[in-house]
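The values are calculated or read from the model by the stated rules, or taken from the named source; none is laboratory data. Computed from a predicted model, the values in this text were never measured in an experiment. With ideal geometry, Cβ positions are generated from the backbone for all residues, glycine too; neighbour counts draw on all protein chains shown.
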């Protein structure tokens, strides 16, 4: 049995965090979240007119799910926007957990490292539990820890690309240099094998949305990711074998039949 | 009085407080939150906060997210 995930003093049996967006219907979203066994789900806030009711189905599910809610600040470009949205999230969702996002570039939605650090500093002063979506840059990650983040969520690849772990070296470096910090690969994971790869590298969890929501059968894909994350974590805790250049037989060579001692040759 | 609501300019009769404005716009219940001129306003402060000409109000509600 693999160990539990611990974030900001709370423990979770599941190491898969999932988003709630892009599903073909609210019913499929709900069934997929259940199949994933995720205990932390992300959601957001957007402008709403009083006559709009589309948020109600989501809101009812949120209240019933029992999941830890992780509101995001997706789309925010400045710390000021982040702070306002974070406060609104805390009031509505009644949680101080926050997936901090500050968009630095519209093309690849790359997080703005300066904006992240500035926003995180202020949010932590205001009592938020900040989980920043950041790049895999070790120095940026250190700065986020310096201002009080207790969890980091480096990208595998840009959001929604499904490209997997684009910079394995950087991710491995983060794991090695920050051995005691919970690290969650967030974004860019497209296949269960990539989630398993992140977990085998020793990442504490994986957060994804599109790979499940945009599968032909989202509920089945949610299960596939659940199994992959569990499998990868077990593998990490079990300890992977060391790679070798030369072959080494796994079947015993001793007492192999048909083998004959070669007669010593006469001098 | 002209006030921008969720990005749209609207002409309104006289409104005094934010609480009054929200009621006039039809926002009831507790599944929304508010920012006035880009700054969060806590629910407890709605009746204390005054609304003036040219104010920008954002009213948000839960949506799906990644």
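Entry remark, region A:195-212: residues being more than 14 Å from chain B (Cβ to nearest Cβ) and either part of a strand (DSSP E or B) or surrounded by fewer than 24 Cβ atoms within 10 Å (Cβ to Cβ) (or both) number 7 in total. Are any of the residues in region A:133-142 under 24 Å from residue A:188 (Cβ atoms), within 12 Å of another protein chain (Cβ to nearest Cβ) and surrounded by 18 or more Cβ atoms within 10 Å (Cβ to Cβ)? The answer is yes; a qualifying residue exists. Within region A:13-29, the residues that satisfy the criterion of being closer than 13 Å to residue A:61 by Cα and either under 14 Å from the mean Cα position of the chain (by Cα) or crowded, with 19+ Cβ neighbours inside 10 Å (or both) are A:20, A:29. Looking across A:28, A:18, one residue alone is more than 7 Å from chain B (Cβ to nearest Cβ), at pLDDT 95 or above, at negative phi and in a strand (DSSP E or B). It is A:18.
Going through (1) closer than 22 Å to residue A:153 by Cβ; (2) within 14 Å of chain B (Cβ to nearest Cβ); (3) more than 22 Å from the chain's Cα centre (by Cα) one by one, residue A:73 falls short only on (3).
Okay, residues lined up against (1) modelled with pLDDT under 95; (2) over 23 Å from residue A:74 (Cβ atoms); (3) under 14 Å from the mean Cα position of the chain (by Cα):
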| position | (1), (2), (3) |
| --- | --- |
| A:129 | no, no, no |
| A:133 | no, no, yes |
| A:139 | no, yes, no |
| A:186 | no, no, yes |
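Could you list all residues from region B:1-48 that are over 19 Å from residue A:49 (Cβ atoms), facing chain A (nearest Cβ under 10 Å) and assigned to a strand (DSSP E or B)? Once the filter is applied, which keeps residues that are over 19 Å from residue A:49 (Cβ atoms), facing chain A (nearest Cβ under 10 Å) and assigned to a strand (DSSP E or B), region B:1-48 yields B:39, B:40. Sort out which residues of region A:167-190 are out of contact with any helix residue (DSSP H, G or I) (no Cβ under 7 Å at 6 or more places or on another chain), in a loop (DSSP other than H, G, I, E, B) and surrounded by fewer than 17 Cβ atoms within 10 Å (Cβ to Cβ), and write them in order of number. Scanning region A:167-190 gives A:167, A:179, A:180.
Among the residues of this structure, residue A:42 counts as one that is out of contact with any helix residue (DSSP H, G or I) (no Cβ under 8 Å at 6 or more places or on another chain), within 12 Å of chain B (Cβ to nearest Cβ) and within 30 Å of residue A:200 (Cα to Cα). Just to be sure before I move on: is residue A:156 exposed (fewer than 15 other Cβ atoms within 10 Å of the Cβ) and either in contact with a strand residue (DSSP E or B) (Cβ under 7 Å, 6 or more places away or on another chain) or under 26 Å from residue A:98 (Cα atoms) (or both) in the structure I sent? Spelling it out, it is not the case that residue A:156 is exposed (fewer than 15 other Cβ atoms within 10 Å of the Cβ) and either in contact with a strand residue (DSSP E or B) (Cβ under 7 Å, 6 or more places away or on another chain) or under 26 Å from residue A:98 (Cα atoms) (or both).
When restricted to residues that are touching a helix residue (DSSP H, G or I) at 6+ places or on another chain (Cβ under 8 Å) and at positive phi, region A:102-137 contains 0. Do the conditions hold for residue A:70, that is, is it surrounded by 15 or more Cβ atoms within 10 Å (Cβ to Cβ), assigned to a strand (DSSP E or B) and in contact with a strand residue (DSSP E or B) (Cβ under 7 Å, 6 or more places away or on another chain)? So residue A:70 passes the test. Is there a residue being closer than 21 Å to residue A:35 by Cβ and touching a strand residue (DSSP E or B) at 6+ places or on another chain (Cβ under 9 Å) anywhere in region A:172-185? Yes, the conditions are met somewhere in region A:172-185. Residues in region B:49-63 that are within 7 Å of chain A (Cβ to nearest Cβ) and either surrounded by fewer than 14 Cβ atoms within 10 Å (Cβ to Cβ) or more than 18 Å from residue A:69 (Cβ to Cβ) (or both): B:58, B:59. Reported count of residues in region A:235-262, each being over 30 Å from residue A:205 (Cβ atoms) and not in a loop (DSSP other than H, G, I, E, B), is 0. Which condition from (1) part of a helix (DSSP H, G or I); (2) at pLDDT 95 or above is the one that residue A:58 breaks? Here residue A:58 clears every test but (2). For residue B:29, state whether it is over 16 Å from residue A:81 (Cβ atoms) and in contact (Cβ under 8 Å) with a residue 24 or more places away in the chain. Criteria not met by residue B:29.
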